[in-house]
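Participant: One structure coming up, written as structure tokens, with questions to follow.
The values are calculated or read from the model by the stated rules, or taken from the named source; none is laboratory data. Source: prediction; values computed, not measured. No Cβ is skipped: glycine too gets one built from the backbone with ideal geometry, and neighbour counts run over all protein chains shown.
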Amino acid sequence: MDKIERIKELKREKNAVILAHYYVDGAIQDIADFVGDSLELARKAKSVESDIIVFCGVYFMGETAKILNPDRKVLIPYYKAGCLMADMAIAEEIEEFRRENPDYAVVTYVNSSADVKAVSDVCCTSANAVKIVENLNAEKILFVPDKNLGSYVAEKVKNKEIKVWSGYCPVHQKLTVEEVEKKKKEYPNAVFVAHPECKKEVRDLADFVGSTSQIINFVKETKANKVIVGTEEGIIHQLKKQRPDIEFILAYSEFSCDQMKMITVDRLLNALEREQFEVEVPKDTAKKAKVAIEKMIEMS
Ligand code: 13P
Ligand code: SF4
């Protein structure tokens, strides 16, 4: 029996559900029961009734699923698949900021550890960050950890004082203005779509800025026949399915998240066979982080 068939069989036998982010390999997106952006995946994880959730994504996504649905066994096929940006903020520093700035509310991007979420007022994703900051009952906000998404939010929400943390996604950060201009010159009729984790100068060149799902929705409707993609290459798998008539051009040649690519078909198979690697979040941390994540879901 081939590996994909065996995965499907194990899934049925063990009453498991596979959730996957758009940045994992296309073969995994195709086996998954549900593929989505971070917000959709969090919502989906919360509603799963199967015994096991296998989360094909990076570690913080598995943690969020466990926090929202603690009675399920949550597995991640490779526990070393972490988000590089999530490591750029630690709870102790956020707590110190809070002690020194008690008038600030802390809004934390879900690309963060459970520890950091636990010391935050509310979480957000790239799909709802503007809405959350706009509607939060606070005039002063610390946005953690992504400085690029933070600056995007600050551009949109003009009536609040927004400080941004110093984190960033190294994969999105690498995209330069020069690279985008080069691609635009090469494909003059193409539209350029970008994730808000890109630098401001890059976002300013975009025809559309949004989360992975928002980019997919934009592309579904576009009249253009060429699209320059300013986010991780895994998304092109879905974009091609939606619009086989469009030519997709990656904004730079190595726009790939090594962490997401650690999730392979072999590791997914092992995860189901051996029921590894189980995601656990300490109870006290989970309880506090859940408040911030649930508040995000309520507000979005
Ligand atoms: P989305 O929420 O847009 O899917 O983004 C997740 C992510 O990790 C972007 O780098
Ligand atoms: Fe984290 Fe960047 Fe990878 Fe997204 S693309 S998971 S932000 S390292």
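Participant: Could you tell me which numbered condition residue 291 fails, if it satisfies all but one of (1) surrounded by fewer than 19 Cβ atoms within 10 Å (Cβ to Cβ); (2) in a loop (DSSP other than H, G, I, E, B); (3) in contact with a helix residue (DSSP H, G or I) (Cβ under 9 Å, 6 or more places away or on another chain); (4) not charged (D, E, K, R)?
Facilitator: If we test residue 291 against (1) surrounded by fewer than 19 Cβ atoms within 10 Å (Cβ to Cβ); (2) in a loop (DSSP other than H, G, I, E, B); (3) in contact with a helix residue (DSSP H, G or I) (Cβ under 9 Å, 6 or more places away or on another chain); (4) not charged (D, E, K, R), just (2) comes out false.
Participant: Considering only the stretch 42-63, how many residues are over 19 Å from residue 267 (Cα atoms) and out of contact with any Ser or Thr (no Cβ under 8 Å at 6 or more places or on another chain)?
Facilitator: The qualifying residues number 8.
Participant: Which pairs do you get when a residue that is farther than 9 Å from residue 56 by Cα, found in the stretch 257-270, comes within reach of a residue that is within 13 Å of ligand 1 (Cβ to nearest atom) and not in a loop (DSSP other than H, G, I, E, B), reach meaning Cβ atoms under 6 angstrom, with the pair 6+ apart or on two chains?
Facilitator: Pairs that qualify, where the first residue is farther than 9 Å from residue 56 by Cα and the partner is within 13 Å of ligand 1 (Cβ to nearest atom) and not in a loop (DSSP other than H, G, I, E, B), are 257/171.
Participant: Quick one: residue 174 ticks every box in (1) within 20 Å of residue 94 (Cβ to Cβ); (2) surrounded by fewer than 18 Cβ atoms within 10 Å (Cβ to Cβ); (3) within 13 Å of ligand 2 (Cβ to nearest atom) bar one, so which box is it?
Facilitator: It fails just one condition, (1).
Okay, residues lined up against (1) at positive phi; (2) within 11 Å of ligand 1 (Cβ to nearest atom); (3) assigned to a helix (DSSP H, G or I):
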| position | (1), (2), (3) |
| --- | --- |
| 23 | no, yes, no |
| 42 | no, yes, yes |
| 55 | no, no, no |
| 62 | no, no, yes |
| 71 | no, no, no |
| 78 | no, no, no |
| 82 | no, no, no |
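Participant: Here is a follow-up. Only one of (1) away from ligand 1 (no atom under 16 Å from the Cβ); (2) farther than 21 Å from residue 212 by Cα fails for residue 165. Which number is that?
Facilitator: (1)
Participant: Please work out which residue is nearest to ligand 1 (Cβ to nearest atom), limiting yourself to the stretch 103-124 and to residues that are hydroxyl-bearing (Ser, Thr, Tyr) and surrounded by fewer than 24 Cβ atoms within 10 Å (Cβ to Cβ).
Facilitator: 113
Participant: With respect to residue 18, determine if the residue is in a helix (DSSP H, G or I) and either under 21 Å from residue 195 (Cα atoms) or more than 15 Å from ligand 1 (Cβ to nearest atom) (or both).
Facilitator: Taking the combined requirement at face value, the residue does not satisfy it.
Participant: Given the criteria in contact (Cβ under 8 Å) with a residue 12 or more places away in the chain, more than 16 Å from ligand 1 (Cβ to nearest atom) and aliphatic (A, V, I, L, M), does residue 27 qualify?
Facilitator: When the stated conditions are applied, residue 27 passes them.
Participant: Take the conditions more than 17 Å from residue 277 (Cβ to Cβ), among the hydroxyl-bearing types (Ser, Thr, Tyr) and either over 18 Å from the mean Cα position of the chain (by Cα) or assigned by TED's automatic domain parsing to the domain that holds residue 148 (or both) and apply them to residue 47. Does it pass?
Facilitator: yes
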